[in-house]
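Written out below as structure tokens is the structure these notes cover.
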Protein chains: 2
Amino acid sequence: MTDRSRLDGHTQELAEIQRIVGEKGWSTDPGVLSAYTVDETKSYRGRSCLLVMPKTAEEVSAIVAVCARAGVPIVPQGGNTGLVGGGTPDGTGAAIVLGLSRMNAIRAVSAQGNTITVEAGCTLLEIQKAAEEADRYFPLSIGSEGTAQIGGALSTNAGGVQVLRYGNARDLMLGLEVVLPNGEILSTLKGLRKDNTGYDLKQIFVGAEGTLGIITGAVLKLFPQPRGFQTALVGLSNVGEAMELLSRLRTATGDAVSACELMSRTTLQLVLRNVPGFSDPMEDVHEWYLLVECSAGDNQDILREILETELAEALERGAILDAVLAENEVQRATLWRMRHTIGESRKPEGVCLDHDIAVSPADVPDFIARASREVHAIAPEGRLCIYGHIGDGNIHFRVLQPDPREGSAHAWDDPDYTARISAAVYDTTLSMDGSISAEHGIGQAKVEKLEKVKSSVELALMRKIKNTLDPQGIMNPGKVLVPCPSERPSD
Amino acid sequence: MTDRSRLDGHTQELAEIQRIVGEKGWSTDPGVLSAYTVDETKSYRGRSCLLVMPKTAEEVSAIVAVCARAGVPIVPQGGNTGLVGGGTPDGTGAAIVLGLSRMNAIRAVSAQGNTITVEAGCTLLEIQKAAEEADRYFPLSIGSEGTAQIGGALSTNAGGVQVLRYGNARDLMLGLEVVLPNGEILSTLKGLRKDNTGYDLKQIFVGAEGTLGIITGAVLKLFPQPRGFQTALVGLSNVGEAMELLSRLRTATGDAVSACELMSRTTLQLVLRNVPGFSDPMEDVHEWYLLVECSAGDNQDILREILETELAEALERGAILDAVLAENEVQRATLWRMRHTIGESRKPEGVCLDHDIAVSPADVPDFIARASREVHAIAPEGRLCIYGHIGDGNIHFRVLQPDPREGSAHAWDDPDYTARISAAVYDTTLSMDGSISAEHGIGQAKVEKLEKVKSSVELALMRKIKNTLDPQGIMNPGKVLVPCPSERPSD
């Protein structure tokens, strides 16, 4: 096992890697590297001996082969928008950062085949646009879609706001090109919708956060471009009514609901306060808001009618308190911008504990009630910024310190205090058989938690897979899995 | 490695297995065993030393532990409806057959969570019915759904007629319970729609045909119960028009097309001739037929209008030649029974070479034209019974001998002749980057072909996974992967 704290032995290999990519493809400039060694949340600051930006899968293959020979660790990095420190290196400086940004070609679009073949460094937005140009639709949509790259999105099995109808990144993937930890290229880029010939190897790499290989390309599913959307914002007094409304709308529309996003009042308030350009969307203040959208073909008018009828009936029953339908694309865009800026709206608000959890959709109301109670038992002053994809049971349960404008909140600087709050959220999740990472992954942030929440059978099998594919442990070390005591590199 | 041709050493283990399941759970009666040792196509006749029918995952676990200790091979078997000999033992008699039929409980249905938790031995039809009772919809539908079990369907990643909208078996799976080759139980039955905590281990077992472990239970996705269906049968002169019509209908209906099945005239003819109760559905004879269906909520009427409009326009353009819409559920059921009896309709027709292939949907017309030409160059007398799921690019390309009523066809008894015909179909498929097994799997039938069509990187990785999970090679030996020369059991 390589001693990762010393690089002296690798001068030759680093030079070889630089030759592989040519002078435009690498940097050791600390000013350049600094952007690649700290994560989006600024919680993980690492070091790296070399940033390398290959242009082709063959270059990636050659680089990995050199690293495999010499035991040099590799941290693959996409748009660096991850929220768990999965794409940045540790503090030893032993690892190279392998950025995929220069591999950003759209290789092919097939409108008839409903597929798009892309390189790992394409951003989600670029893929959405390329699909649109072919009159097709690529539904993977997250707040950071202008920066997040498809390689990273697949490596973290990204979710987002359209999972309800279109599925996670995994469900949108028909084929992958992966450079394995020994430098070999595994290619399954045929664009087939059905192929039951042996083990479906590509599945292993989705959600593996770059610890089993480097995704360099993918074939993705496309869908018919919707001819329009019907979008409503609903005000409610409780989450149970939101679940019930979603269930009714799915049935009534023939399952045309493509997004259904819950937001607590506090969540909306932070957007109104911290992001310019919004006004309160309803006259009255409501405890909960639901942003719901159907995608339509030539049946737009009837979908609007169905939506209006269901909402009117729900109002009459008292199940909901208010509802507005977007009258045009501008209003629709405003509602979505409101949803997509939740992420940034917390920045001026001080300490924010983010918990990306999932439970069975049936348990969402109960989870929110219980987790809120548990958190407030510890921190009655904590502000609950709750939002998420209720159709998937995926709740972003954020706990914020009291408003920093109203005085200091020293307790929140105490890591023991905030750890107790987070533990309350995760314990509630686990007591309901939920997931402590619904869509953000494990990265560095939850690598030790994973040990506690997975069964010994699961952990053993994960380690077996890791050791089978990457026996030297060079691929994104320290992410997802902690090495077994016997496997820890000897320092 | 166990010598599989001798059983004498395993008397004690077989007795132990019998004790685990109790007297209702096993048989060595050759009359009973015979139904479990021959496959659906009657092409693979094997032997077995013991049929064991456990009732719980714990019993399966205990049985596998005994087998692992003694190196006894295990052949897991569901409804035994597979078409590639994947569920029946080889001729040595060394293996036990482990049937899942007694594990047929519906463990839970959650209408609010849109999930159903089932044991592996539930038939697809039982699951569909249990979902319906909860006002939910389970879309996995294949001709053999009354007999095929979900464990087998997941192990072969079954497809069927609704993949276009709802996906393959893999896409419908949210969690699995699997007994690993060492007897441990891996359980991921939480029913979460999103869970990015480490490697998604359950994916490995889907489509692995029981060679990596035994699926004993699953959590599956449910959908809103459609309030109705709009179903049409269309007559066309060529396949390109069928693809174009599908594309238009998907866009116009807001992607509500749930099934789109192509049938050649010969295919329909065999159903009309060999299955009682059908009459020719259209006045004129057409070369191709397309069965297309939309599933709807409260928008049924508008979907019917859209369908009518699109079909009328296509008729006017000359893109299609005729169309009938099902006026009621009886007519719809007749159309579907026509489709679902294609499988059995070939039985009195003599030699039938079945090829379950997939290409990119964009290549379907070209594939059909080229494969037909290649086959007829070898066997001008061959009847082409072509049908399949064109939205998925999955074509069942059957080549039948000349009508046996019109005299003998000796050439078709010559395996070299039929092999040349099949080679023409597969070579055409491979030349178009297609799959030689779209939905039936590899089993015994295509195990040697797999070696030829997969890259060395793919084969090596499959073998690594197999050896990691099942180092003794006891799980369904001889299926999917041929052991490497060095791994072959010494006889």
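The values are calculated or read from the model by the stated rules, or taken from the named source; none is laboratory data. If you're wondering where the values come from, they're calculated on a predicted model, not measured in any experiment. With ideal geometry, Cβ positions are generated from the backbone for all residues, glycine too; neighbour counts draw on all protein chains shown. In case anyone asks, the SASA skips ligands and DNA or RNA and just uses the protein heavy atoms, side chains included. Shrake-Rupley method; radii C 1.70, N 1.55, O 1.52, S 1.80 Å.
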Mind checking which residues of segment B:132-149 are in contact with a strand residue (DSSP E or B) (Cβ under 6 Å, 6 or more places away or on another chain) and aliphatic (A, V, I, L, M)? B:Ala134
Looking only at segment B:40-62, which residues are touching a strand residue (DSSP E or B) at 6+ places or on another chain (Cβ under 6 Å) and in a helix (DSSP H, G or I)? B:Ala57, B:Val60, B:Ser61
Given the condition facing another protein chain (nearest Cβ under 8 Å), of a type in the set (D, E, K, R) and open to solvent by less than 10 Å² (accessible area, probe 1.4 Å), answer yes or no: does some residue in segment B:176-193 qualify? no
Being buried (at least 16 other Cβ atoms within 10 Å of the Cβ) and closer than 30 Å to B:Gly210 by Cα: is that true of B:Gly382 here? no
State the number of residues belonging to segment A:283-317 that are within 9 Å of chain B (Cβ to nearest Cβ) and either in contact with a strand residue (DSSP E or B) (Cβ under 6 Å, 6 or more places away or on another chain) or part of a loop (DSSP other than H, G, I, E, B) (or both). 8
If we keep just the residues of segment B:137-170 that are facing another protein chain (nearest Cβ under 9 Å) and closer than 19 Å to B:Ser101 by Cα, which is most open to solvent (accessible area, probe 1.4 Å)? B:Thr156
Select from segment A:254-282 the residues that are on the phi > 0 side of the Ramachandran plot and buried (at least 16 other Cβ atoms within 10 Å of the Cβ) and list them in ascending order. A:Gly254, A:Asp255
Limited to segment A:336-355, what total is found for residues that are basic (Lys, Arg), under 16 Å from A:Trp412 (Cα atoms) and assigned to a helix (DSSP H, G or I)? 1
Quick one: in segment B:400-422, of everything that is of a type in the set (A, V, I, L, M, F, W, C) and open to solvent by 40 Å² or more (accessible area, probe 1.4 Å), which residue is nearest to the other protein chains (Cβ to nearest Cβ)? B:Ala419
Which numbered condition in (1) outside any helix (DSSP H, G or I); (2) open to solvent by 30 Å² or more (accessible area, probe 1.4 Å) is the only one that B:Glu374 fails? (1)
From the list A:Ile386, A:Ile390, pick out the single residue that is touching a Leu at 6+ places or on another chain (Cβ under 6 Å) and within 26 Å of A:Ser264 (Cα to Cα). A:Ile390
Does B:Val21 fit the bill of being at negative phi and open to solvent by less than 20 Å² (accessible area, probe 1.4 Å)? yes
The one condition in (1) within 11 Å of chain B (Cβ to nearest Cβ); (2) in contact with a helix residue (DSSP H, G or I) (Cβ under 8 Å, 6 or more places away or on another chain); (3) modelled with pLDDT of 95 or more; (4) within 23 Å of A:Asp356 (Cβ to Cβ) that A:Leu469 fails to fulfil: (4)
Here the residues within segment A:47-65 that are of a type in the set (Ser, Thr, Tyr) and closer than 30 Å to A:Ser437 by Cα are A:Ser48
Looking at A:Val52, A:Val38 in this structure, which one is hydrophobic (A, V, I, L, M, F, W, C), surrounded by 22 or more Cβ atoms within 10 Å (Cβ to Cβ) and touching a Phe, Trp or Tyr at 6+ places or on another chain (Cβ under 9 Å)? A:Val52
Can you name the condition, by its number, that B:Val482 falls short on among (1) touching a Gly at 6+ places or on another chain (Cβ under 7 Å); (2) in contact (Cβ under 8 Å) with a residue 24 or more places away in the chain; (3) not in a helix (DSSP H, G or I)? (1)
The correct count of residues that are closer than 12 Å to B:Gly207 by Cβ and either modelled with pLDDT under 95 or open to solvent by 10 Å² or more (accessible area, probe 1.4 Å) (or both) in segment B:427-437 is 0
Condition broken by B:Gly85, with the remaining ones in (1) of a type in the set (Gly, Ala, Ser); (2) crowded, with 21+ Cβ neighbours inside 10 Å; (3) farther than 30 Å from B:Arg398 by Cα satisfied: (3)
Among the residues of segment B:31-39, is there at least one that is hydrophobic (A, V, I, L, M, F, W, C) and part of a loop (DSSP other than H, G, I, E, B)? no
Entirely in segment A:396-469, the helices (runs of 4 or more DSSP H) that have 2 or more residues that are out of contact with any strand residue (DSSP E or B) (no Cβ under 9 Å at 6 or more places or on another chain) and touching a residue at least 40 places away in the same chain (Cβ under 8 Å): A:415-431
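Every residue, every condition in (1) over 20 Å from the mean Cα position of the chain (by Cα); (2) in contact (Cβ under 8 Å) with a residue 24 or more places away in the chain; (3) over 30 Å from A:Ser435 (Cα atoms); (4) outside any loop (DSSP other than H, G, I, E, B), yes or no:
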{"site": "B:Cys67", "(1), (2), (3), (4)": "yes, yes, yes, yes"}
{"site": "B:Asp90", "(1), (2), (3), (4)": "yes, yes, yes, no"}
{"site": "B:Ser101", "(1), (2), (3), (4)": "no, yes, yes, no"}
{"site": "B:Val109", "(1), (2), (3), (4)": "yes, yes, no, yes"}
{"site": "B:Leu125", "(1), (2), (3), (4)": "no, no, yes, yes"}
{"site": "B:Gln128", "(1), (2), (3), (4)": "no, no, no, yes"}
{"site": "B:Leu154", "(1), (2), (3), (4)": "no, yes, no, yes"}
{"site": "B:Leu176", "(1), (2), (3), (4)": "no, yes, no, yes"}
